[in-house]
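Written out below as structure tokens is the structure these notes cover.
The values are calculated or read from the model by the stated rules, or taken from the named source; none is laboratory data. None of these values were measured; they are calculated from a predicted model. Cβ: placed from backbone, ideal geometry, glycine included. Neighbour counts: every protein chain shown. We work out accessible area using only protein heavy atoms, side chains counted, and drop any ligands, DNA or RNA first. Shrake-Rupley method; radii C 1.70, N 1.55, O 1.52, S 1.80 Å.
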Amino acid sequence: MNWMGLGAVAWILGGCVIPQDESFLSDIPEQRNRPPRVVESQAQPTERIIRGYGSGDLCKLTFEAIFEDPDVDDRLIAYWYVDYDPTRPRSEDARNVILANNSKVIRDDRATFQVSFDSADFNRLNVPGDHIVEVVVTDTVLVEGREPDGSNVIKLSDGGTATDPGYTATYVWFVRTEAAGDCL
């Protein structure tokens, strides 16, 4: 009998005896934007430092990147830059649009940038010396100085608003172009 009395006292004292205000969510909060990511293990070329472009077997290079985004319905844009200088902003060297696909976090489409040393098209990589090839992926568009557009305003359930920013992720390769190559 003592055990039952002790159990009842513990049960009564275990709860809060002060009445609580009931507050319920009227709406499910809208999911905020999350950043995309470069799947580094799938990036091509696998070596991040490439020596001897413009000579031997390295007359052509193909750069590829695969991305993942937990926001499976977002469209991703990959911007390719060669030797980007932030003090002199300019447009990208190439652009790829990666569409949402079947609610997969990792996208099936690859962003691709191809260069050929023996091509008549001008490319900064064909100038002898050291270069940087960079892919910048964003779930919005890039504005001034490669910054993601942060103008996406969402309405909150309390009537207020909040800015849902865009995000970027980058991946870089270093390329040395040879002056006296045999690709011509």
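Brief remarks follow.
- Whether segment 100-148 is rounded, prolate or oblate, judged on the alpha carbon gyration tensor where a/c under 1.5 counts as rounded: oblate
- Each other residue within a Cβ distance under 15 Å of residue 68 adds +1 if Lys or Arg and -1 if Asp or Glu, for a net charge of -3.
- Reduced Cα scattering model of segment 82-184, Debye log10 I(q)/I(0), q = 0.17, 0.18 Å⁻¹: -0.96, -1.03
- Fully extended contour minus Cα-Cα distance, from residue 51 to residue 90, at 0.36 nm per residue: 11.4 nm
- Prolate/oblate/rounded call for segment 121-168, Cα gyration tensor, a/c under 1.5 rounded: prolate
- Pairwise label distance in nanometres, residue 60 with residue 132, each label 7 Å out on the Cα-Cβ vector: 2.9 nm
- Residue order for 178, 47 - accessible surface, 1.4 angstrom probe, largest first: 47, 178
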